[in-house]
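*Asks:* Can you read through this structure? Questions will come right after.
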Amino acid sequence: MPSPGRGLPRLVRGAVLAVFCLLMSMGAHVAAGGRPPLSPGLLLCAGLLAVICVAAADRRRGFAGIVAVAGVSQVVFHLLSAGGEHGGSPVATPGATMVLTHVVATVVIGAALACGERLVWSLASLCGVVRALRLVRCCPPPGPAPAAAAFAAPRPVRRWILARSGPAWRGPPVLSN
């Protein structure tokens with residue numbers, strides 16, 4: 001498994017955060033009695049949010065980072081979706097119930113995604129450990145140490161092994177025993 005901070009896992013993690021932020025905001029808007037707010041501005045902001053979320057997925061994000069992204073996206077998407085409902089005015093004053101609902105939804109989604117982040121990064125670490133164990137298992141253990149005799153001093157040559165006939169012995173005189 002590649003690192004969750006690179007490649008396809010990073011793209012998927014960032015896209016999941018962006019989709020949850022968008023669906024949470026649009027779902028809350030529709031649940032409150034509004035129409036699904038599909039406007040060019042909303043689609044542009046959704047694309048920008050996706051790029052930001054994928055860029056932020058380069059490393060493990062905790063609860064606070066996820067809640068911050070989800071909270072800011074809630075405000076932006078609320079203003080975009082409420083602008084169409086209130087005569088084109090981008091300023092719509094939310095009631096206490098709406099604010100509380102957005103806060104609770106942001107905290108719940110943030111907690112769920114933070115647990116998902118921990119799970120993904122833990123699985124990536126576990127895969128690395130398993131890969132290392134396989135590598136260790138595939139390598140044969142080292143054989144027994146070479147015998148100590150191989151490193152012993154060479155034995156002296158015995159005189160009786162040398163040929164008795166042939167050319168005269170040339171070299172230093174042999175010490176008599």
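*Asks:* What distance in nm separates the two pseudo spin-label positions at Met98 and Ala68, each 7 Å out from Cα along the beta-carbon direction?
*Replies:* 2.7 nm
*Asks:* Residues with beta-carbon under 9 Å from that of Asp58, excluding Asp58: net charge, scoring Lys, Arg +1 and Asp, Glu -1? Mind showing how you got there, number by number?
*Replies:* On the way: positive: Arg6, Arg10, Arg59; negative: none.
Combined, the nearby Lys, Arg, Asp and Glu give +3.
*Asks:* Right, another one. Could you tally the net charge around Ala114, taking each other residue with its Cβ under 11 Å from the Cβ of Ala114, Lys/Arg +1 and Asp/Glu -1?
*Replies:* Numbers: positive: Arg60, Arg61, Arg118; negative: Glu117.
That sum, taken over residues with Cβ under 11 Å, equals +2.
*Asks:* Would you calculate the separation in nanometres between label points at Leu123 and Ala15, each defined as 7 Å from the Cα along the Cα-to-beta-carbon direction?
*Replies:* Here the answer is 1.5 nm between the modelled labels.
A short reminder: the numbers here are calculations on the coordinates, not readings from a lab. Since the structure is predicted, the reported quantities are computational estimates derived from the model, not experimental observations. Counting neighbours? That spans all protein chains shown, and the Cβs are built from the backbone with ideal geometry, glycine included.
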